Structures are given as C-alpha cells and as structure tokens.
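Shown next, in structure tokens, is the structure this report addresses.
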Amino acid sequence: MLLSEMKEGQTGNIKSIAGNGALHRRILEMGILKGSEVHIEKYAPLKDPLELIVKGCHISLRVEEASLITVDNVK
Amino acid sequence: MGQKRLKIALAGNPNSGKTTIFNNITGTRQKVGNWPGVTVEKKEGTINKYGYDLTIIDLPGTYSLTPFSIEEIIARNFVLDECPDVVIDIIDASNLERSLYLATQLREIDCKVLFALNMADLAKTRGIKINAEKLSELLNVPVVFTVGNKNEGTDELLKAAVKLAESGSEIPQERKVRYNKDVENSISKLQSIIKKRIGKKLPYNIRWTAIKLIEDDKILKKSILKKAGDDAQDVLQEALLQRSYIKDRFDEEPEIITTDERYGFIAGIIKEVYSTSSKHRIDISRNIDLVLTNRFIGFPIFFLFIWAMFQLTFSLGAYPMEWIDMAIGLLSSGLDGFLPDSIFKDLLLNGIIAGVGSVIIFLPNIMILFFCIAIFEDTGYMSRAAFLMDKIMHLIGLHGKSFIPMLMGFGCNVPAIMAARTLESEKDRILTILITPFMSCSAKLPVYIVLAGTFFGVRAGSVIFSIYLVGIVLSIITGRLFRSTLLKGADAPFVMELPPYRAPMIKSLLIHMWDRSKMFLKKMGGIILIGSIVVWALSAFPRNVQYSSDYSTETNKVTVFHEAEKIERSFMGSIGKTLEPLFSPIGIDWRGGVALVTGFVAKEIVVSTMGVLYAAEDEKGSEALKNALLSSGMTPLSALSMMVFVLLYLPCLATVAAIKRETGSFKWMFFSIAYNTSIAWFAAFCVYQGGKILGFS
C-alpha cells in the first residue's frame, strides 16, 4: 500500500522508498527510513499535504511525495 | 588585545535551539550579515573568555551536509574551507537519531567536534534517557548538556570548546562510520588513487573525499577539478567506475546506500545510549495542533492571526508614525527658519529630509511586522502556516512558505522580498520575488485613497478592494506562466518538519526584530537618500528659466503656481512630457506621468507630486488636492486606469534594490522592472480603452 493511501490515524511500517536521488535522500535525512513506523497524524484541511509522525518527529509531505513511499503492516 | 583567537562554529538541525544558544553566548554583541554571494543570513559574534578572543559563527540549520540546499553548502564549505577550531554540534536530545546523522557527517569531514546535548530536560519529561558518557565514548566526542531557553550550560560549553581547541592537533580517526564491505572496498581503492594523484593538492580529508566522490558530489567534483586540474580526471574516472559497481551490486544509488549505512551505524549507537520509558505522555504540541491545523477551524484561525498581524502593524504603527512625521515636520520647519535661503537648504529640506523622512516613517510598521513574523517563526507556527497554505500555493507552482513573503508584500515589498529567503529552492525564491510586487504595498494605498476618494465617492472602498484583487489575480497568472516557462521545473519537495510549539523568548524576538529592521534602515536608507537627491535634482534643475510671469513680485497666493511651473520646466517635467505619448493612451496626462515617474523613488511620492503639479492651493491637505484633481480634466475612468497602473508598474527604488540583492543578479532586476511596467501599461490600456468602448468616462 502507498503511504498516500493511508487514512488519518493509521500506522504502518515503511517498506520502500522510490523517487529520484535528491527527494529520496531528503526523505531519508528527515529520518523516514525503511522499516520505521509511521503514523498518519492528519491531512491538511485541503487534503494536501499530510502530517506524519516518525520516531516522535512531526513531518509534512505532499501527497504526491507520499505516493513514492510504500508501507506495509498498516493498522 | 593581542589575545589568541579561536573560531567556533555552531552547527545543528533546524529547530534544535541553535540560535538560542548562539544568543546566549554572544548576547547583543552579534553581527548579522549575509554569507558571501548568497542571501542566507550569517550571524557572527565575538566575545572574550578564558584568555581568548572567541569568534562564534552560527551556521545555517541543516539536517545533513549533502549539497542540496544553499544552507547545506554554506555550512559545509565553512567547515571545509575556513577550518574552524571547534565545531559545536547542537543536538536536540528528543531527536537524537536524526541529530546524529548530521553529527556523523561532521565527524567524517575531519574537524574537532563537540556535542551540545540540548533540551535534555524536555526530553526527560518525555521519558527519554540518554547516556551521555556512553555517547561520548562511542563517538569519541566530548558531550556537554545545555538547556538553551534557560541559559544553562552555556559556560560549560564554551569551556569545553576551548579545552578541545587546546588539546593538540590530533583528531581521533576511530569511531567513524564504517560502511559495508563493498562500499569500504570502493572507498579504499579510490582513496589510494586520490593519494597518488592529487593527495598533495587536496586540502580535504582523503577518506571523506573518497566517500563524497562515490556519492557523486557535484560541488566537490568541481572543486577537485579546480584544485588539481588534469590529475583529477583519473580520480573522477575511478569514482564513476566504483559508483557503477556499487549501483550494480545493490541495485540502488550509492548515495542512498551510504545514507542507509550511516543510519545503521547510528541505530547501533542509539541502542546503547538511548532509552525511552513507555510512560504515556501528554503531548501539548500535538494538542495545540488539534486546534491550529484543524480541518474546520485551522483556516479561520490562520486568517485571524494574519488579520491581527496586519491590524497591529498598521493601526498600532500609525501612532509612532505620526510622532515621527511630527518630528520630521518640526526639524524641517526649524531648519527652514534657521538656515538662509540657498540651494543647499533646498537640497537638505526638499531633497534629503523629505526623501529620507518618507522612508523612516515606515520603521514602526516594519518593526511591528517583523516582531510578529519572529513570533510566528519562534513559536513554530510558521511551518504550520506553510502546511495549511501549501495546497493553494502549489497551484501557482509555489511552496507553502511563499505565502508569508507574498502576504507581507501587502505591507511593504522590501521586507517581503527579504522574507523570501526562507525558501530553500532558488527557483521558488526567484519566482516568489518576481510576483511579490503585484501584492499592493501599503505605500500605494494613499494613491488609491486620493484617486478613489476623489472620483468614486462612497464606492471608493469596493474600488480599492478590486484593485487589490487584480494584483492577486495577476500574481497567480504570472506565477503559473513563469513556472511553465522561465523557471521550469518542479517546486522544491515539501518534506518539512513541523517542530514542537515553543514559548518564544522575548530576548530572541527583539534581537530578530531589530536585526531585520536595521537591515531595512541601512540598506534602504542609503538608496533612498541617493534616490531622493537625484529626484530633487531632476525637479529643481535647470534653475534659471524664463517663467511665464514674474512670480517674485506677486503675492503668496500664486506661489503654488510658481511651484507647479517650476516642476513643469524642470528635467522631471521634461521627462514626463516626453513620456506623454506613452501615457495618453491610458488616459493619464503629463502631470500624472510625472507623478508616476517620481513614484519610482517611493510610491507615496506620487501623491505629493500630484499635489504640487495639480497646483493644489494652500488650503488644507487632501481636500485641496481633491478639488484640483476634479477640475483637472481627470475622469473616473482615467483615475481607475491610473490606479491599475500604480498597482502594477515598476517597483519602487528600494524594492528594485532588494530584488537585485536577493536574486543576486541585475538580470532579474531589469526583468522585473520591464515585466511589471509592460503588464501595467497593458492592463491600464485595457481598462481605459475598454472602458471608453463600453461607454464609461
């Protein structure tokens, strides 16, 4: 499942990250790594971007960026 | 003096409390400037302590030292090229893992690193425990605890930094990141070639250079080519070879592999030094966000804050503005009585004092505006504003953060353009700077008030509102147009941290406000001074002309006509008259034209020039100008056309200077001038000629 398909309040684990070098690396640098647990805190009022929590950090991503990230174990 | 000097750099993630610690160390003895060639703020402070002159440099906050953003390049180049004696890495204790990512990179560069474990108290309340001794031992780096917002640990930090600087020149090589076997193999192969070929010419650590080449670091490649010339070709060739080997081996870009490996190394450290109790905590910040970025009330609250900011800026600012205005008036009339009539007096009173006075008067506005912005930034609300607005701004091809500069443009374009430096991507920044002048600044408002008030009576409010709207619509069109042509390419990724809310510290707010206001005063004061002298000269010369009647013998009542004709006969008048063929299709006569030309210095001058040119008699204030305008042959339609022109045409001198400074090129400055002015002319042309066709007058 894609990160961008997760609903508010759901939690999952990051399986893989696609995308070009710069964006991919930027995502890694913010601590969004393979295997980390991510929680969808909320979507912005206009449904984009979204706010997620990874290791206690709140990070926002655009939906199109989140669609580069695959997740599993979604609860 | 003659003391030994030490250079200490502060590095750290954004929101790690770096600036607070910098303020604690340097107090008010700090200089804010720019890093050479770019528009990122550089903060520097000097203090005397422990027998040294300590120069503290606040590096831009970064998550990493990969050269993706200007901030990262600056921070890295500083550490590489300026070789600070000690780099203090400020680590946010509640974000240890991500902070260590930067730390491992600093260790690789080969400089003396000291950790400041900041906000450990906050981390504790969140149930986080960090074994600092173990951390220090594992990475072989001294660790000091600090609490920035309580000013704890500042002295210990400096003491440790000085001690580290004194401790010989050996930098421990152990305890750095070890990559997996394949990567290490490539690194050592590359290392030996580097050593053989260019080792002597290379001022950087060889292992670090090898790692960066494997990561295909463009900036490093360039600097190697520059330093080592042809010898570097072999090295770059080998680097390419190793890159493709790793790529084949892991089916992933090498830089992704190294990033992963660094995090793997960090994970090992975290396991040993970090423990978190499962204590269920109440996250205040999260609760605040339940309200502030709420689906339903998030936007209303945002607009309330923005509205409050504008109210404060312009209503509260009106009082000190009045005082300054009065003071300038007093000074001017005092000097008028005191000095004998001369060309120098004319220059001083009508050129310098009038011109500079017209800018100083905005200081209260600017200070309040920047104070509010500092509150937004320091509390962490700014990133929430970007979070809320990103979808809308993305439609214009911009980043959510562009909203703030654009919004500030309604106050004054100069700080707005300066605020665009919060944007990371160069293209985003230039685009934001180019469309900001369409946000109608407050200096244009007096022009609208005079024109709309005179010609539209009770509907003046709606007319002015629609003028503002025209500006917004044109900025959207321009944004989309430029994004798909001149500044092609996606906007920057929106990967952005939403830091926990923090109570702002009044000291830091004041420092923030004052630094930026000072910049405004310094830069714009100088330009305005020169500009006002030029404009004064253009309208005061040539002096010995034959007037149509001998005013000197007539009564006071006609001095205004004297003034009007003086301007008509001046260089300024000639410029206006020369431009008349351009202005007449948009319904503006030569006097309006001259007023618009003088508006280049500052938009509010348009009103005062009109006052002089339309020979408003010496009754009282705005009523006079109103009557003069009404009898001058101007129609509501031409007034509307003029307002549209004022809204859009070339930005004022100070803004133009800011555009030059912030884009770093004359190209964009001239482009902005030309684009805005032609758009203004076409829009005004459409309004005037279209209105005439529709039968308005």
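The values are calculated or read from the model by the stated rules, or taken from the named source; none is laboratory data. On a predicted model such as this, the values are computed, not experimentally measured, just so you know. With ideal geometry, Cβ positions are generated from the backbone for all residues, glycine too; neighbour counts draw on all protein chains shown.
A few points about this structure:
Residue by residue, here is whether (1) part of a helix (DSSP H, G or I); (2) within 14 Å of another protein chain (Cβ to nearest Cβ); (3) touching a residue at least 40 places away in the same chain (Cβ under 8 Å); (4) touching a Gly at 6+ places or on another chain (Cβ under 8 Å) holds:
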| residue | (1), (2), (3), (4) |
| --- | --- |
| B:271 | yes, yes, no, no |
| B:288 | yes, yes, yes, no |
| B:302 | yes, yes, yes, no |
| B:305 | yes, no, yes, no |
| B:311 | yes, no, no, no |
| B:315 | yes, no, no, no |
| B:322 | yes, no, no, no |
| B:345 | yes, no, no, no |
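- All conditions but one from (1) without any contact (Cβ under 8 Å) to a residue 24 or more places away in the chain; (2) under 30 Å from residue B:610 (Cα atoms) apply to residue B:437; the one that does not is (1).
- Among the residues of region B:679-691, just one is surrounded by fewer than 18 Cβ atoms within 10 Å (Cβ to Cβ), without any contact (Cβ under 8 Å) to a residue 60 or more places away in the chain and farther than 18 Å from residue B:476 by Cβ, namely B:690.
- Search result, residues across region B:69-112 that are more than 19 Å from residue B:162 (Cβ to Cβ), of a type in the set (D, E, K, R) and more than 28 Å from the chain's Cα centre (by Cα): B:97, B:107, B:108, B:110
- Condition check for residue B:373 on (1) surrounded by 20 or more Cβ atoms within 10 Å (Cβ to Cβ); (2) more than 14 Å from chain A (Cβ to nearest Cβ); (3) not in a helix (DSSP H, G or I): one failure, at (3).
- Residue within region B:183-195 that is out of contact with any strand residue (DSSP E or B) (no Cβ under 6 Å at 6 or more places or on another chain), surrounded by fewer than 16 Cβ atoms within 10 Å (Cβ to Cβ) and part of a loop (DSSP other than H, G, I, E, B) present: no
- The single condition among (1) within 23 Å of residue A:58 (Cβ to Cβ); (2) loosely packed, with under 12 Cβ neighbours inside 10 Å that residue B:302 does not satisfy is (2).
- Conditions (1) of a type outside the set (S, T, N, Q); (2) more than 17 Å from residue B:43 (Cα to Cα); (3) buried (at least 24 other Cβ atoms within 10 Å of the Cβ): number failed by residue B:97: (3)
- From the list B:20, B:28, B:66, B:55, the lone residue that is out of contact with any strand residue (DSSP E or B) (no Cβ under 8 Å at 6 or more places or on another chain), of a type in the set (Val, Ile, Thr) and surrounded by fewer than 20 Cβ atoms within 10 Å (Cβ to Cβ) is B:28.
- Of all residues in region B:649-678, those that are among the hydroxyl-bearing types (Ser, Thr, Tyr), assigned to a helix (DSSP H, G or I) and free of Cβ contacts under 8 Å to residues at least 12 places away in the same chain total 1.
- Just one of the listed residues (B:156, B:166) is exposed (fewer than 14 other Cβ atoms within 10 Å of the Cβ) and at pLDDT 90 or above, and it is B:156.
- Given (1) surrounded by fewer than 19 Cβ atoms within 10 Å (Cβ to Cβ); (2) facing another protein chain (nearest Cβ under 7 Å); (3) more than 20 Å from residue B:13 (Cβ to Cβ), number of the condition residue A:1 does not satisfy: (2)
- The one condition in (1) touching a Pro at 6+ places or on another chain (Cβ under 7 Å); (2) closer than 30 Å to residue B:289 by Cβ that residue B:402 fails to fulfil: (1)
- Checking each residue in region B:429-446 for being in contact with a Lys or Arg (Cβ under 8 Å, 6 or more places away or on another chain) and modelled with pLDDT of 85 or more picks out B:429, B:431, B:444.
- Applying the condition of being in contact with a Gly (Cβ under 9 Å, 6 or more places away or on another chain) and at pLDDT 90 or above to region A:4-36 and asking which residue is farthest from the other protein chains (Cβ to nearest Cβ) yields A:6.
- Candidates B:251, B:216, filtered to the one that is free of Cβ contacts under 8 Å to residues at least 24 places away in the same chain, at positive phi and within 14 Å of chain A (Cβ to nearest Cβ): B:251
- Residue A:51 passes every criterion in (1) touching a residue at least 40 places away in the same chain (Cβ under 8 Å); (2) within 7 Å of another protein chain (Cβ to nearest Cβ); (3) in contact with a His (Cβ under 7 Å, 6 or more places away or on another chain) apart from (1).
- Answer from A:64, A:41 - the residue that is in a strand (DSSP E or B), facing another protein chain (nearest Cβ under 10 Å) and of a type in the set (D, E, K, R): A:41
- Long-range neighbours under 6 Å by Cβ, at least six apart or interchain, first residue assigned to a helix (DSSP H, G or I) within region A:6-31, second of a type in the set (Phe, Trp, Tyr): A:22/B:68; A:29/B:63
- Of the helices (runs of 4 or more DSSP H) lying entirely inside region B:424-520, those carrying at least 3 residues that are more than 30 Å from residue B:18 (Cβ to Cβ) and more than 14 Å from every other protein chain (Cβ to nearest Cβ) are B:445-456, B:460-484.
- Per-region count, region A:60-75, residues touching a Gly at 6+ places or on another chain (Cβ under 8 Å) and buried (at least 17 other Cβ atoms within 10 Å of the Cβ): 3
- Among the residues of region B:587-595, at least one is in a loop (DSSP other than H, G, I, E, B), surrounded by 24 or more Cβ atoms within 10 Å (Cβ to Cβ) and of a type in the set (A, V, I, L, M, F, W, C).
- Number of the condition not met by residue B:294 [criteria: (1) over 30 Å from residue A:43 (Cβ atoms); (2) in a loop (DSSP other than H, G, I, E, B)]: (1)
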